[in-house]
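Here is the structure we will look at, set down as structure tokens.
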Amino acid sequence: MLKKCLFPAAGYGTRFLPATKAMPKEMLPIVNKPLIQFGVEEAIEAGFTEIGFVSGRGKRAIEDHFDISYELEHQIAGSVKEALLSDVRDMIDKCAFSYTRQAEVKGLGHAILTGETLIGNEPFGVILADDFCDSGVIKQMVGLFSHYQCSIVAIEEVPADQTDKYGIVDGKEIDEGLIKVSNMIEKPAPEDAPTNLAVIGRYILTPDIFSIIRTLEPGAAGEIQITDAICEQAKNSMVLAYKFNGTRFDCGSLKGYVEATNYVYDKYHRKV
Ligand code: G1P
């Protein structure tokens, strides 16, 4: 049912300069695995088989990463190092990867609209790799989608003074951890935020979202915001916000990135 998962990946990653001067921020490693690979693994584990990237200038390394590297693979064949590439090699066998470019960076809504050419007229997942989650959040949402068949956003409670970093949802709880959305605001100041329920970078969207995005005027920060499109969608049909189970690290910030690195090292790499 849900086959396609979109990865907006056109942003500059200015917070990580100079590391991101010539390297996409999505390729920053969490220990030894690029952030984007964690996101793609999460999508594949949830059953997605068509992975689409909305990339941009300077993002070629992403394409090369999800491709066979004959020379390198030949070089390490038969050695213990071969195992280090086996995960990404499996992905290439299991999935189709496609790419389109967002020529101008005009916001997440605009990036998702750019991805329409890869998605077509079917529901799809969206993963923002910056939000590193270690608990199969999109898989939890796929399960909900099979029941509700509507757009779903992942949310978590954030400290009240941090609402201006996130899309914030308001609505009515219809089941434990499940909210029927009545309003969404992109990055409201704490005094304007109706709740502290913040959208994190996991979405399942129905394809009518594309025609809604097309009608939008620039919103917060002068950009076309996906939050505004989903809010509009919530007025005409049901949209759900889901308080996911698990841990999330904001790898768009230096602090979150370092915390995620320590978490992954402790969980998967520490020997003692
Ligand atoms: C984007 C969305 C925002 C959402 C956030 C999650 O913001 O616009 O609604 O809460 O991702 O990480 P960004 O972090 O790209 O500024």
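Contact map, the stretch 215-226: first residue modelled with pLDDT under 95, second residue open to solvent by less than 80 Å² (accessible area, probe 1.4 Å) and of a type in the set (A, V, I, L, M), Cβ cut-off under 7 Å, separation 6 or more or different chains; pairs are P218/I224.
Out of all the residues in the stretch 121-134, which are more than 16 Å from the ligand (Cβ to nearest atom) and open to solvent by 30 Å² or more (accessible area, probe 1.4 Å)? Those that are more than 16 Å from the ligand (Cβ to nearest atom) and open to solvent by 30 Å² or more (accessible area, probe 1.4 Å): N121, E122.
Residues that are away from the ligand (no atom under 14 Å from the Cβ) number at least 3 in the following strands (runs of 3 or more DSSP E) confined to the stretch 149-194: 167-175, 178-186.
Helices (runs of 4 or more DSSP H) wholly in the stretch 16-130 with at least 3 residues that are small (G, A, S) and in contact (Cβ under 8 Å) with a residue 40 or more places away in the chain - which ones?
Values: elements: 35-45, 60-65, 70-76, 86-94, 108-114, 116-119.
Here the list is empty.
Look at the stretch 146-169: where a residue is open to solvent by 80 Å² or more (accessible area, probe 1.4 Å) and a partner is among the hydroxyl-bearing types (S, T, Y) and more than 10 Å from the ligand (Cβ to nearest atom), sitting 6+ places away or on another chain with Cβ atoms under 8 Å, you get Q149/T206. The set of residues in the stretch 28-58 that are out of contact with any strand residue (DSSP E or B) (no Cβ under 8 Å at 6 or more places or on another chain) and among the charged types (D, E, K, R) comprises K33, E41, E45. Selection of the stretch 250-272 for residues being away from the ligand (no atom under 11 Å from the Cβ) and in contact (Cβ under 8 Å) with a residue 24 or more places away in the chain yields L254, Y257, A260, T261, Y263, V264, Y265, K267, Y268, H269.
Sort out which residues of the stretch 57-86 are touching a Pro at 6+ places or on another chain (Cβ under 9 Å) and not hydrophobic (A, V, I, L, M, F, W, C), and write them in order of number. If you could, list the steps in order and put the result at the bottom.
Keep residues of the stretch 57-86 that are touching a Pro at 6+ places or on another chain (Cβ under 9 Å), which gives 58-62, 65.
The answer is G58, K59, R60, H65.
Residues of the stretch 135-148 that are within 18 Å of the chain's Cα centre (by Cα) and either within 10 Å of the ligand (Cβ to nearest atom) or not in a loop (DSSP other than H, G, I, E, B) (or both): V137, I138, K139, Q140, M141, V142, G143, L144, F145.
The values are calculated or read from the model by the stated rules, or taken from the named source; none is laboratory data. Bear in mind that the values here come from a model prediction, so they are computed numbers and not experimental data. Because the Cβ atoms are built from the backbone with ideal geometry, glycine has one as well, and the counts that use them run over all protein chains shown. Accessible surface areas use protein heavy atoms only, side chains included; no ligands, DNA or RNA. Shrake-Rupley method; radii C 1.70, N 1.55, O 1.52, S 1.80 Å.
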